[in-house]
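A.B. asks: Take a look at this one; I'll ask things after.
The values are calculated or read from the model by the stated rules, or taken from the named source; none is laboratory data. Here the structure is a predicted model, which means the values were calculated and not measured. Methodologically, a virtual Cβ is constructed for each residue, glycine included, from the backbone with ideal geometry; neighbour enumeration extends over all protein chains shown.
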C-alpha cells in the first residue's frame with residue numbers, strides 16, 4: 001500500500017473531458033509530479049484520491065450554493081472497495097456510510113419520478129429499499145495531507161486551463 005498523498009503524485013481524472021462541476025469537455029487527464037521513484041501503486045493510489053477529490057469538489061460547490069451536506073451514503077461498484085471509501089472519508093473528513101442491498105442509481109431516479117408525478121411526497125420512503133452496511137470514519141491524522149492534496153488537485157486544473165501568455169515578438 002502506498003501512503004496517503006501518493007508521495008506527491010496528483011492526477012486529474014478528466015479522461016473524457018469533465019461535466020460537473022467544471023463543465024469543460026476539453027479538459028484532459030493529467031498525471032502531475034511523476035518521478036522514477038513512483039511505481040504503479042502510487043499511480044493507482046493517486047487515481048483513487050483523484051476521484052475522492054472530485055467528490056470533495058462537488059461537495060464544495062453544493063455547500064457554496066447553500067446546500068449543506070450532512071451525510072455521505074455510498075452504494076454500487078466503487079463502494080465495494082473499503083480502501084477507496086476510506087480515502088473518500090479521509091478526504092472529506094466525514095463518515096462515509098456504505099449501503100447494502102442497493103439496487104443501483106435507478107432507485108433514486110425512480111423515487112424522484114414517483115415524487116414528481118405525485119405518487120408519494122415522502123423522500124424517506126426510499127430507505128425501505130436499502131439497508132446500512134459498515135460506516136467508515138475519517139482518520140484525522142490524514143486531514144492535513146488530504147487538505148494539501150485537494151489544494152494541489154484544484155490548483156492543477158486552474159494552472160493548466162489558464163489562457164496561455166502571449167509570447168514575445170507577437171504582433172497585434
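A.B. asks: Conditions first: (1) over 12 Å from the mean Cα position of the chain (by Cα); (2) buried (at least 18 other Cβ atoms within 10 Å of the Cβ); (3) farther than 23 Å from residue 139 by Cα. Residue 9 passes all but one, so which condition is the exception?
C.D. replies: Here residue 9 clears every test but (3).
A.B. asks: Which fully enclosed strands (runs of 3 or more DSSP E) of region 1-104 have 3 or more residues being touching a strand residue (DSSP E or B) at 6+ places or on another chain (Cβ under 7 Å), more than 25 Å from residue 126 (Cα to Cα) and modelled with pLDDT of 95 or more?
C.D. replies: 10-12, 30-32
A.B. asks: Would a scan of region 102-118 turn up a residue that is free of Cβ contacts under 8 Å to residues at least 40 places away in the same chain, touching a helix residue (DSSP H, G or I) at 6+ places or on another chain (Cβ under 8 Å) and loosely packed, with under 10 Cβ neighbours inside 10 Å?
C.D. replies: no
A.B. asks: Here is a follow-up. Condition first: within 14 Å of the chain's Cα centre (by Cα) and surrounded by fewer than 19 Cβ atoms within 10 Å (Cβ to Cβ). Now tell me which residues in region 70-80 satisfy that.
C.D. replies: 72, 73, 78, listed by residue number.
A.B. asks: Here is a check on your reading of the model: is residue 138 touching a residue at least 24 places away in the same chain (Cβ under 8 Å), more than 28 Å from residue 22 (Cβ to Cβ) and in a loop (DSSP other than H, G, I, E, B)?
C.D. replies: no
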